[in-house]
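Report on the structure given below.
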Amino acid sequence: MAFVAVGTDEDAILQLLTARSNAQRQEIKAAYKTLFGKDLVDDLKGELGGTFETLIVALMTPPLTYDVTCLRNAIKGAGTDEKVLVEILSSRTAQQVKDIVAAYRQEYDDDLEEDVCGDTSGHFKRLLVILLQANRQTGIQEGNIETDAQALFKAGEEKYGTDEQSFITILGNRSAQHLRKVFDAYMKMSGYEMEESIQRETSGGLKDLLLAVVKCARSVPAYFAETLYYAMKGAGTDDNTLIRVMVSRSEVDLLDIRAEFRKMFACSLHSMIKGDTGGDYRKALLLLCGGDDA
């Protein structure tokens, strides 16, 4: 065990933890407790610091617990971190959302929906509540493609002011496959991509959430590629988002995210992380990222 010795061998921790699956990390954690009678995460926290510590602690957390903790902190922290609510609830599968709601209740003895409602308002709140129901239809309702596209067109481009409720109901309840057909029909009808209309017709948290739902219906990996890019682009890095996405997608679709990233932007995910971070934190992120799609 690399961290038993006083003075931490960061490289050994890096290699050990990034090369393992989360399930294996949980086994390491359990074995550590059996051998030393101490909590590995607490010991790591005592030895590390800053963003590197945040990343390693995230890697040591089971995925479902990690989502639940991120949501709890987003709601219970000072002010609401809407970005976290948007990112998690728009991108997880219906089953994952159901698991999150159940785990949240078990962990905090609180109702996630009530906590979200107490911390948000208006149409933004309504769409979050719909997503928390995790009752999206499955498959494609051929008969509804045109009517859904028309309803969205009437609610936005064709109307003075916007009927947000139509956007919320359709985008919150239809399957991704169905929505992709609706977006195509909407484009033919209006001459606009769905995203363009949302940008123009809505604002604030609702706009961000609707855009995330649309992007995730098109492609979850592309949504996360874009999220990672904007976390690093420009001055300063949004480390919380960078860590959250890299950790939560590392065993889900990170290869697809890397491929989308390369397609969408003029660099690889690997090279952008390399240019935007430093030290052990950078090393760990690059090990998680894997290859460079130069």
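Of all the accessible heavy-atom surface of the range 195-294, with the other protein chains kept in place and a 1.4 Å probe, what percent is carbon and sulfur? Walk me through the numbers before you get to the answer.
On the way: 1960 of 4090 Å².
The nonpolar share, carbon plus sulfur, comes to 48 percent.
Given the C-alpha centroids of the range 205-235 and the range 47-101, what is the distance between them in whole angstrom?
16 Å
Return the loop-located trypsin sites (Lys or Arg not before Pro) in the range 148-254 (DSSP other than H, G, I, E, B) with at most 14 other Cβ atoms within 10 Å of their own Cβ; answer none if there are none.
Values: sites: Lys154, Lys159, Arg174, Arg180, Lys181, Lys188, Arg200, Lys207, Lys215, Arg218, Lys233, Arg244, Arg249; in loops: Lys159, Arg174, Lys233.
Answer in residue order: Lys159, Lys233.
Per residue, how much accessible surface does the range 133-208 expose to a 1.4 Å probe? Answer in Å², no decimals.
Values: 3850 Å² over 76 residues.
Solvent-accessible surface per residue comes out at 51 Å².
Given a 1.4 Å probe and heavy atoms of the protein chains only, how would you sort Phe265, Phe183, Phe36, largest accessible area at the top? Don't skip to the answer; put the middle values down first.
On the way: Phe265 30, Phe183 0, Phe36 80 Å².
Putting Phe265, Phe183, Phe36 in descending order of accessible area: Phe36, Phe265, Phe183.
Under the 0.36 nm per residue contour assumption, what length would be gained going from the current alpha-carbon distance of Asp111 and Met187 to full extension?
Numbers: separation 76, 0.36 × 76 = 27.36 nm, distance 3.89 nm.
Taking 0.36 nm per residue and subtracting the Cα distance, the gain is 23.5 nm.
For a 24 Å ceiling on Cα separation, which of these pairs sit above it: Lys154/Lys207; Lys154/Lys188; Lys76/Lys125; Lys154/Lys233; Lys125/Lys181?
Working: Lys154/Lys207 18 Å; Lys154/Lys188 14 Å; Lys76/Lys125 16 Å; Lys154/Lys233 36 Å; Lys125/Lys181 26 Å.
With Cα atoms farther than 24 Å apart: Lys154/Lys233; Lys125/Lys181.
Roughly to the nearest percent, how much of the accessible area of the range 112-173 is carbon and sulfur, given a 1.4 Å probe?
Details: 1410 of 3080 Å².
Taking all protein chains in place, the range 112-173 shows 46 percent carbon and sulfur surface.
Compute the length gained on full extension between Asn73 and Arg20: take 0.36 nm times their separation in residues and subtract their Cα-Cα distance, giving the result in nm to one decimal. Intermediate values should be presented prior to the final figure.
Details: separation 53, 0.36 × 53 = 19.08 nm, distance 2.65 nm.
Once the chain is fully extended between Asn73 and Arg20, it gains 16.4 nm.
Within the range 212-294, which GluC sites (Glu not before Pro) sit in a loop by DSSP and count at most 16 neighbouring Cβ atoms inside 10 Å? Show your work: numbers first, answer last.
On the way: sites: Glu226, Glu251, Glu260; in loops: Glu251.
Passing sites in the range 212-294 are Glu251.
Straight-line reach from Lys33: which lysines have Cα under 29 Å away, leaving out those fewer than 8 places along the same chain?
Lys45, Lys283
Taking a virtual spin label 7 Å from the Cα of Val252 along the C-beta vector, which residues in the range 103-126 bring their backbone nitrogen under 19 Å of it?
Within reach of a label on Val252, which here means backbone N under 19 Å from a point 7 Å along Cα→Cβ, the range 103-126 contributes 103-105, 112-113.
Cα-Cα pairs above 19 Å in the range 175-294: how many percent? Present the calculation step by step, with values, prior to reporting the outcome.
Numbers: 3694 of 7140 pairs.
Taking all Cα-Cα pairs of the range 175-294, the fraction more than 19 Å apart is 52 percent.
The values are calculated or read from the model by the stated rules, or taken from the named source; none is laboratory data. The structure presented is a predicted model; accordingly, all values stated were derived computationally and were not measured. Because the Cβ atoms are built from the backbone with ideal geometry, glycine has one as well, and the counts that use them run over all protein chains shown. All accessible areas refer to the heavy atoms of the entire protein, side chains included, with ligands and DNA or RNA removed. Shrake-Rupley method; radii C 1.70, N 1.55, O 1.52, S 1.80 Å.
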